[in-house]
Amino acid sequence: MRIAYFIARRIAYAIGLLLAVAVLNFTLIHLAPGDVVETIVGEMGGASTETIAALRKTYGLDKGFFEQLAIYVSRVATGDLGVSTYFNRPVLGLVADRMFATVLLVFTALATAIVAGTFLGITAARRPSSWLGALVTIVALLGFSAPVFWSGLMLLLLFASVWPILPASGMYDIASGATGWAHALDVAHHLVLPAATLAIIYLALYSRLARASMIEVLGSDYVRTARAKGLSENKVVFKHALRNAILPVVTIAGLQFSGMLAGAVLVETVFTWPGMGLLAFEAILRRDTQLILGILLLSALLVIVGNLLTDLAYRLIDPRIRTDG
Amino acid sequence: MRMFGRNAVFAAMLALMPQAFAQKAGGTLVWGTSQVARHFNPAVQSGYATAMVGAQLFSSPLRFDDKWNALPYLAESWSFQDDGKSLLLKLVAGATFHDGKPVTSEDVAFSIMAIKANHPFSSMLAAVERVDTPSPTVAVIRMSQPHPAILLALSPALCPILPTHIFGDGVDLKTHPRNTNPIGSGPYKLAEYKPGEHIILEKFPGFFIKDRPKFDRIIVRIFRDSNALAVAIERKDVHFVPFWSDLALLDRLAKTPGLAVSDKGGEAIGPLNWLAFNTKKKPLDDVRVRQAISYAIDREFITKKLHSGRTRIATGPIAPGTPFYSAAVDPYKADVEKANHLLDQAGLKKGAGGMRAALSVDYLPGGSEQQKNVAEYLKPQLRKIGIDVTVRTSPDFPTWAKRVSSQEFDMTMDAVFNWGDPVIGVHRTYLSSNIRPGVIWSNTQSYSNPEVDDLLARASVERDVPKRRAMYQEFQKVVVEEAPIAFINVLPYFSVYEKNLRNLPTTIWGATAPIDEMYRE
């Protein structure tokens, strides 16, 4: 009951937040010079003054700012995100087509980064002064410092060109026409490089975090008690210490979710991964206002859902925490 | 025994023959591109992103070879009448659209008038008054005056024949929902389109040219990163990339076993890279200042060093390799001393720090090698003649277009295409009647010269080719001398392809023409 109340309250907050995000995004985009008609006319190779005026009218750009804003907000309130002025298709359909790819990429990368990062961090924490601990620190430093597009290109060249064991681009092999499990395996094969690229930077972060947290927890009284009781070291670490040590990792993972969506834009561009990031890249290049607004709004929704899941996970891991307080 | 041997060889040859023929047809061509088309209807949109796919979906009255000769396509023959004011097209019998409906002269008439009303190149069919349809296989284009550009205007990239029963429903053609899901009578039909991801084209079995196209399927894969596209073609995930323009990767691809690189084909597109001046703004309203800047630019350095020797110098407003190009202009060979002298004559005295003036340069966003790098090169280079250059970046195309079309610029790097005949793609930049604030790729330089207006007006109706050539020669001379634009180089468009591909699109329209003859050996 308490959880249901907590979720209901968070949903109510989320609606208000989404409305504010919609208004803010709309205002910011309209502050920039030029509009999508400039792009359309540019790509048409020029146009007459009459054609330009007709296009502005078609897309409602001839109206005043507040009128456009009112129309947009009232449409969004009914779930209508408008039509992409560039692709001439409904925004919701375009984004829905791409959302699965992004969610798959981000969650795979996030899960990889959390699991591998935590494991590396714990390994390093158990022997902080060993060569393994130093290695984890160095790898974390390199992973965290490398720009995501650079590490993506390096992985692409290494595993798709020099040692071509992984696909270079796309989400699946279009020519193969595979279905069912064969298709799922094909997607998994294509997912390796982009997910690894996106995971690297967060893996570095989580390993450092898990290491520091675990070192602190391993020095606490209840761990000493567990050891004194004669429990095995693995039991002490993975059963008793890990639950507390992982809390900072979960907190940061929730906070980093939006950052990961931003990172997905670059990764999807490098690997031609057909997700929302690549779509956002196209939309921004062409000032496809409705599409940009739609992607931003749905990204905000994803972040809100991500944060809600983080809070629920927090509650699950540590029942002492009152998420509704 | 000898007889048996001969028969055996003959039998073996017979057995191999079907295989040899089979190698010439069938299979899938994976085509890589960095271009994302808004839609596939070239009747209302120019640009090679739309034309590449549009030319596979739609057929057009004519097509062209690699020597600028018109060839039959939907029109099996054509002839001018009424002193060049009418063009009669005799259509092939039996041509159908992808839905099985016949292509008739009504469709030709509808398409030509629709293009005239909607295509951004307003001069392309401006002379066309109407299209008569005396029979289902005869269309007569009636014009107000002779229009020598008409044949090129009937090319696949510019004149798709639309099905009236689909596009004649009264919906605005520029935003018609079928533009992304069209039906044409071209060699391929659209099977799948995922916006910004890929396009799948399937062979149209009812195509009116026998035994074409050769490939069963074309998959157009869209890559937004040229490194990823390069890796894809190295791995043979992609077989053919037309309009490759990333020079930094070209040498690597040229050395890749099994791949070839060619700059043949596509001459009609005539893409020029240039620095445009706002001729209404001081001090650029003085022709000597524009000439001085033109002299200060070392085009040899740009083409040889910045572009690794892969681009050619552009000498004037008409692209080299096109019929009306003239090299008989006074070229701007790099001469800093002469440039300084011209600025002295223009009264621009050197002030503090040896600077005479401060100017900004914008550039078309997106293409670093051709635009940004050249704009940045101008900063130290023009400092040598006392001009302090600020490079202004535009985050996206609309920002740049707004600045340039509103004349809120001093100088800008730009890339503009000739599109076959000068009437179609060249006149728009220089006609004083085309100074239209708010319209990008009009005469945004605000250049006005009655002599040029007169030359272009006469050249647009002159049917005698040598006389027309002489007019354009004079036009090029005047424009180069008055320098509303400093012409830099021809944009490099290369095809990267697997060596076992044959009949590559090397006509004047390159890959913006039907790819119906290409096959894999």
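The values are calculated or read from the model by the stated rules, or taken from the named source; none is laboratory data. This structure is a prediction, so every number in the text was calculated from the model and none was measured. Don't worry about glycine lacking a Cβ; one is built from the backbone with ideal geometry, like all the others, and counts go over all protein chains shown.
Answer with yes or no whether B:L71 is surrounded by fewer than 22 Cβ atoms within 10 Å (Cβ to Cβ) and more than 25 Å from A:A47 (Cβ to Cβ).
Yes.
With the requirement that a residue be among the hydrophobic types (A, V, I, L, M, F, W, C) and touching a residue at least 60 places away in the same chain (Cβ under 8 Å), what does the range B:109-126 give you?
Those that are among the hydrophobic types (A, V, I, L, M, F, W, C) and touching a residue at least 60 places away in the same chain (Cβ under 8 Å): B:A114, B:I115, B:F121, B:M124.
Please indicate, with yes or no, whether at least one residue in the range A:17-25 is of a type outside the set (V, I, T), surrounded by 14 or more Cβ atoms within 10 Å (Cβ to Cβ) and touching a Ser or Thr at 6+ places or on another chain (Cβ under 9 Å).
Looking through the range A:17-25, none of the residues is of a type outside the set (V, I, T), surrounded by 14 or more Cβ atoms within 10 Å (Cβ to Cβ) and touching a Ser or Thr at 6+ places or on another chain (Cβ under 9 Å).
For B:I200, only one of the following conditions fails: (1) in contact (Cβ under 8 Å) with a residue 60 or more places away in the chain; (2) closer than 26 Å to B:I269 by Cα. What is its number?
For B:I200, the failing item is (1).
If A:I284 meets every condition in (1) touching an Asp or Glu at 6+ places or on another chain (Cβ under 9 Å); (2) within 14 Å of another protein chain (Cβ to nearest Cβ); (3) crowded, with 18+ Cβ neighbours inside 10 Å apart from one, which number is that one?
So the condition that A:I284 fails would be (3).
Does A:T269 meet the test of being within 14 Å of chain B (Cβ to nearest Cβ), under 20 Å from A:H30 (Cβ atoms) and polar (S, T, N, Q)?
no
Condition check ((1) farther than 20 Å from A:G93 by Cα; (2) over 20 Å from the mean Cα position of the chain (by Cα)) across all residues:
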{"residue": "A:L203", "(1), (2)": "yes, no"}
{"residue": "A:Y206", "(1), (2)": "yes, no"}
{"residue": "A:D221", "(1), (2)": "yes, yes"}
{"residue": "A:V236", "(1), (2)": "yes, yes"}
{"residue": "A:G263", "(1), (2)": "yes, no"}
{"residue": "A:M276", "(1), (2)": "no, no"}
{"residue": "A:L279", "(1), (2)": "no, no"}
{"residue": "A:I292", "(1), (2)": "no, no"}
{"residue": "A:I295", "(1), (2)": "no, no"}
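Which is at the interface with another protein chain (Cβ under 10 Å from one of its Cβ atoms), farther than 28 Å from A:T137 by Cα and assigned to a loop (DSSP other than H, G, I, E, B), of A:S169, A:S161?
Criteria check complete, one pass: A:S169.
Given the conditions (1) within 11 Å of another protein chain (Cβ to nearest Cβ); (2) in contact with a Ser or Thr (Cβ under 6 Å, 6 or more places away or on another chain), which single one is not true for A:A140?
Only one criterion in (1) within 11 Å of another protein chain (Cβ to nearest Cβ); (2) in contact with a Ser or Thr (Cβ under 6 Å, 6 or more places away or on another chain) is unmet by A:A140, namely (1).
Among the numbered criteria (1) touching a Phe, Trp or Tyr at 6+ places or on another chain (Cβ under 7 Å); (2) under 22 Å from A:D97 (Cβ atoms), which one does B:E197 miss?
(1)
Listed residues A:G254, A:G219; which is without any contact (Cβ under 8 Å) to a residue 40 or more places away in the chain and more than 14 Å from chain B (Cβ to nearest Cβ)?
A:G219
Restricting to the range B:222-241, what's the tally of residues that are closer than 22 Å to B:E521 by Cα and more than 7 Å from chain A (Cβ to nearest Cβ)?
Qualifying residue count for the region: 6.
Considering the range A:202-237 alone, what residues qualify as being of a type in the set (S, T, Y) and outside any helix (DSSP H, G or I)?
Selection gives A:S220, A:S232.
From (1) assigned to a loop (DSSP other than H, G, I, E, B); (2) of a type in the set (V, I, T); (3) buried (at least 20 other Cβ atoms within 10 Å of the Cβ), pick out the condition that doesn't hold for B:T256.
Failed condition: (3).
Can you name the residue in the range B:126-148 that is among the hydrophobic types (A, V, I, L, M, F, W, C) and buried (at least 24 other Cβ atoms within 10 Å of the Cβ) and, of all such residues, is farthest from B:R428 (Cα to Cα)?
Among those residues, the one meeting the criterion is B:A139.
Residues being out of contact with any strand residue (DSSP E or B) (no Cβ under 8 Å at 6 or more places or on another chain) and part of a helix (DSSP H, G or I): count how many of those fall in the range A:34-93.
34
Got a sec? Which of B:I218, B:I166, B:I209 is crowded, with 22+ Cβ neighbours inside 10 Å and either modelled with pLDDT of 95 or more or over 24 Å from the mean Cα position of the chain (by Cα) (or both)?
Exactly one of B:I218, B:I166, B:I209 is crowded, with 22+ Cβ neighbours inside 10 Å and either modelled with pLDDT of 95 or more or over 24 Å from the mean Cα position of the chain (by Cα) (or both), namely B:I218.
Pull up the range A:202-221, narrow it to residues that are at pLDDT 85 or above and either among the basic types (K, R) or surrounded by fewer than 12 Cβ atoms within 10 Å (Cβ to Cβ) (or both), then point me to the one that is nearest to A:S258 (Cα to Cα).
Looking at the filtered set, the residue picked out is A:R211.
For the range A:161-175, enumerate the residues that are under 24 Å from the mean Cα position of the chain (by Cα), within 14 Å of B:I233 (Cα to Cα) and hydrophobic (A, V, I, L, M, F, W, C).
Within the range A:161-175, A:A168 is the sole residue that qualifies.
Could you list, in sequence order, the residues of the range A:13-36 that are touching a Phe, Trp or Tyr at 6+ places or on another chain (Cβ under 7 Å), within 14 Å of chain B (Cβ to nearest Cβ) and of a type in the set (A, V, I, L, M, F, W, C)?
Result: A:V36, single match.
Return the residue satisfying two criteria in turn: it lies in the range B:368-413 and is among the charged types (D, E, K, R) and more than 30 Å from B:A334 (Cβ to Cβ), and of such residues it is nearest to the other protein chains (Cβ to nearest Cβ).
B:K402
Any residue that is outside any helix (DSSP H, G or I), within 18 Å of B:K305 (Cβ to Cβ) and out of contact with any strand residue (DSSP E or B) (no Cβ under 9 Å at 6 or more places or on another chain) - is there at least one of those in the range B:388-406?
For the range B:388-406, residues outside any helix (DSSP H, G or I), within 18 Å of B:K305 (Cβ to Cβ) and out of contact with any strand residue (DSSP E or B) (no Cβ under 9 Å at 6 or more places or on another chain): absent.
Among the residues that make up the range B:149-157, is at least one of them within 27 Å of B:V465 (Cβ to Cβ), away from every other protein chain (no Cβ under 14 Å), part of a loop (DSSP other than H, G, I, E, B) and not small (G, A, S)?
Checking the range B:149-157: at least one residue is within 27 Å of B:V465 (Cβ to Cβ), away from every other protein chain (no Cβ under 14 Å), part of a loop (DSSP other than H, G, I, E, B) and not small (G, A, S).
Which of the residues belonging to the range B:466-494 are among the hydroxyl-bearing types (S, T, Y) and modelled with pLDDT under 95?
B:Y493
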